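This report refers to the structure that appears directly beneath it.
Derivation of every value follows stated rules applied to the coordinates shown; laboratory data play no part. Quantities reported herein were computed from a predicted structural model and do not represent experimental measurements. No Cβ is skipped: glycine too gets one built from the backbone with ideal geometry, and neighbour counts run over all protein chains shown.
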Amino acid sequence: MAMRASALKTKTDEGGATRGGAGGQLSRRTAKLQRKHKNDRSAAVRFFTIFALALIMGGLASPQVSAQGSRRDDVVFGPCGHPIAGATITVCQATATGSPCAPLATLYTDATLTTASPNPFQADGIGNYHFYAPAGRYLIQITGPQITGTLNYPDVILPADVSSSGAGNNISAFGLTLGGNLTEAGNATVSGTLTTTNFNPGAFTRSTLSVLGNKTVTGPRPRVDVTAFGAKGDGVTDDTAAIQAAITAVCNSYPHANGSGGIFFPPGVYVLA
């Protein structure tokens, strides 16, 4: 009986030891998983912290948007010369008609012209107002207390921003595109290439002038330059064909009945075969 109790006790102790060993292994695994979870969470925190800092630094390093619009600042005055608070300002396109005028112009909150602002809008407590819009011509109408009827201001010009290449701002030192005629009452300096179909200057100073076709000079005897027909005048090239072509052009274009024309030979040595 004593042996059985002892054996049972031993078995129980062994089973307890066995169960205790399994429990220890489970505790160690749990602790290991907790440490791994903590490390993963720390790594995630570090990642998002670095990512946020990169976004902030990228925003600071990114260049500012170039201005594209112009700003109009003004003050609304009443008939007695005092500023009028809360006046209503309406900005319309240059061709607008009616009162209130239409169509309205699109106004913006800043010079980047990205966020539209209300139109019409009100002046502040001392009559000040401002708005941003693309460079161009506008009609401004103002109504409000102490104002009889509507004040109309046509042909309000917003000048182009020379730092921008946006539409409407292409009148600058870098380029000028015209769809019609250009009349210059003062001086014009061309440092690059001037291409034109009809060129009628009054007087101009040039360093070099290249003419690909016929060159004529107005007067009693217009002249044709032989170099326009391929003559070289270099003392080597045979200029016979070029000179003959120039003579033919003069005979066909300027008959004797109209006073004929002239052949112009720039300085050089012309070889005739």
(Q) What distance in nm lies between label points placed 7 Å from Cα along the C-beta direction at residue 148 and residue 191? (A) 5.6 nm
Q: For residue 150, list long-range residues whose amide hydrogen, built 1.01 Å from N in the peptide plane, is under 5 Å from its own amide hydrogen.
A: none
Q) So, in nm, how far is label residue 122 from label residue 234 when the simple model puts each one 7 Å beyond its Cα toward the Cβ? A) 8.0 nm
Q.
If each residue of separation counts as 0.36 nm, what is the full-extension length gain between residue 184 and residue 110 once their alpha-carbon separation is subtracted?
A. 23.1 nm
